[in-house]
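Peer 1: Below is one structure. I have some questions about it.
Any read-out appearing in this document is the output of simple, stated calculations on the displayed coordinates, not a laboratory observation. The model shown is predicted, which means the values in this text are computed figures rather than measured ones. Cβ sites come from the backbone with ideal geometry, for glycine too, and all protein chains shown count toward neighbours.
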Amino acid sequence: MSKELKFKGFSKETVDFFYNLKRNNNKKWFDSRRKEYETFVLQPAKEFVAAMGAKLKDISPNIIAVPRVNKSLFRISRDTRFILEKSPYKTFMGIFFWEGSRPRMECSGFYFHLEPPKLLLGAGIYRFPKRLLDRYRRMVVDPEYGGELSDILKKISKIKDCELGGKHYKRIPGGYDSSHPNAELLLHNGLYAGCEIDIPDELYYDRLINYCWKRFYSLAPLHKWLVSIKIGEL
């Protein structure tokens, strides 16, 4: 069995691949450069998942990191059946580390999104399953859990280049007090925070692991809050 390679960073070829894919988003172009995709995108991404997953254990011992497509690695091909935009490939690299026993996208986790010239690092749940949305809302207005969440989000709001996401609805749901201090959070169908930055030099070196870890660490309280209220576990 061949020895697993250690993550050494992504390369200029990784970034160039996505720039070129944006200009040539078609099957013929992609098929002719599949070897480039496997060498400069897929393989280092797998190595990143293994290394980053091990490091994230320091934050969340139960974090799940699986260096395979449709696990921690999002597939590059797009499902165009139900959308108007029919480009066949995603022009970004998406990687997810999750915690919980439900399907990965129903769990809270840490997200790495490389879309040149930007890098986005985030944490949380993109969209709550409908059957869990009411539990989230009850916890938002709970004196203990809601107060804790408010404190967490105040700290996150002070992080440079970081924004809260997941707001979706225009009206407070029935049965909830619109004057509640956390009423704005009742408009969410997901809860996550992301920091979007220009691609840092660290992307090209093994120190990207520590770079991401520090930013994930600053967002970890939100992830832990979502795990603590069992979102994604019921």
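Peer 1: How many nm is it between the label spots at ASP134 and ARG68, if each spot is 7 Å from the Cα in line with the beta carbon?
Peer 2: 3.6 nm
Peer 1: With just the Cα atoms defining each centre, how far is the stretch 86-108 from the stretch 52-73? Give it in Å.
Peer 2: That distance is 12 Å.
Peer 1: Would you mind checking the tilt of helix 130-141 against the longest principal axis of the Cα atoms of the chain, expressed as 0 to 90 degrees and rounded to 10?
Peer 2: With both axes taken from Cα atoms, the answer is about 50 degrees.
Peer 1: Among ARG75, ARG127, ARG23, what is the fewest-to-most ranking by other Cβ atoms within 10 Å? If you can, show how the numbers build up before the last one.
Peer 2: Working: ARG75 11, ARG127 15, ARG23 8.
Ranking ARG75, ARG127, ARG23 by Cβ neighbours within 10 Å, fewest first, gives ARG23, ARG75, ARG127.
Peer 1: Length gain on complete extension for the stretch ALA183 to LYS118, per 0.36 nm per residue less the alpha carbon to alpha carbon distance? Intermediate values should be presented prior to the final figure.
Peer 2: Numbers: separation 65, 0.36 × 65 = 23.40 nm, distance 3.22 nm.
Stretched fully, the ALA183-LYS118 segment lengthens by 20.2 nm.
Peer 1: Here is the link list: LYS167/LYS214; LYS12/LYS160; LYS35/LYS90; LYS46/LYS86; LYS71/LYS118; LYS155/LYS224. Which ones come out longer than 20 Å on Cα distance?
Peer 2: Numbers: LYS167/LYS214 26 Å; LYS12/LYS160 26 Å; LYS35/LYS90 17 Å; LYS46/LYS86 27 Å; LYS71/LYS118 23 Å; LYS155/LYS224 14 Å.
Long pairs (Cα-Cα over 20 Å): LYS167/LYS214; LYS12/LYS160; LYS46/LYS86; LYS71/LYS118.
Peer 1: Work out, step by step, the length gained on full extension between ARG33 and TYR19: first 0.36 nm times the residue separation, then minus their alpha carbon distance; give nm to one decimal. Before the final figure, lay out the partial values.
Peer 2: Numbers: separation 14, 0.36 × 14 = 5.04 nm, distance 1.33 nm.
Net length gain for the segment: 3.7 nm.
Peer 1: So, one more: How much of the DSSP bridge set in the chain is antiparallel, in percent, rounded to the nearest 5?
Peer 2: Details: 30 of 31 bridges.
The antiparallel fraction comes to roughly 95 percent.
Peer 1: Take the Cα coordinates of the stretch 96-231, assign each an equal point scatterer, and use the Debye formula without solvent to give log10 I(q)/I(0) at q = 0.11, 0.17, 0.19 Å⁻¹.
Peer 2: Values, matching the q order: -0.41, -0.91, -1.09.
Peer 1: Please work out the FRET efficiency for the pair ARG75 and ILE159, using the Cβ-Cβ distance as r and a Förster radius of 35 Å; give the result to the nearest 0.05.
Peer 2: On the way: r = 30 Å, r/R0 = 0.86.
The value I calculate is 0.70.
Peer 1: Scale the Cα Rg of the chain by the rule-of-thumb value 2.2 N^0.38 Å and send over the ratio, two decimals. Walk me through the numbers before you get to the answer.
Peer 2: Numbers: Rg = 18.8 Å, N = 234, 2.2 N^0.38 = 17.5 Å.
Normalised Rg, Cα atoms only: 1.07.
Peer 1: Grab the beta carbon distance between GLU144 and LYS57, set R0 = 41 Å, and tell me the FRET efficiency rounded to 0.05.
Peer 2: Working: r = 28 Å, r/R0 = 0.68.
Efficiency for this residue pair is about 0.90.
Peer 1: Right, here's the next one. So what is the relative contact order for the stretch 1-155, in percent, with contacts set as C-alpha pairs under 8 Å and at least six apart?
Peer 2: Details: 175 pairs, mean separation 24.2, N = 155.
Relative contact order, the stretch 1-155: 16 percent.
Peer 1: Ok, one more. Would you mind ranking HIS180, HIS188, HIS223 so that the residue whose beta carbon has the fewest other beta carbons within 10 Å leads the list? Before the final figure, lay out the partial values.
Peer 2: Values: HIS180 14, HIS188 21, HIS223 28.
Lowest count first: HIS180, HIS188, HIS223.
Peer 1: With runs of 4+ DSSP H residues as the only contributors, calculate the mean residue ellipticity of the chain at 222 nm using -39,500 (n - 2.57) per run, divided by the residue total and rounded to the nearest 500. Display every interim value, and only then the final one.
Peer 2: Numbers: 6 runs with 79 residues, N = 234.
Helix-only estimate at 222 nm: -10500 deg cm²/dmol.
Peer 1: Tell me, what ³J(HN,Hα) does each residue in the stretch 46-57 have, in order and in whole Hz, if you take phi through Karplus 6.51 cos²θ - 1.76 cosθ + 1.60 with θ = phi - 60° and put x for Gly and Pro?
Peer 2: 4, 5, 5, 4, 4, 6, 5, x, 5, 5, 5, 4
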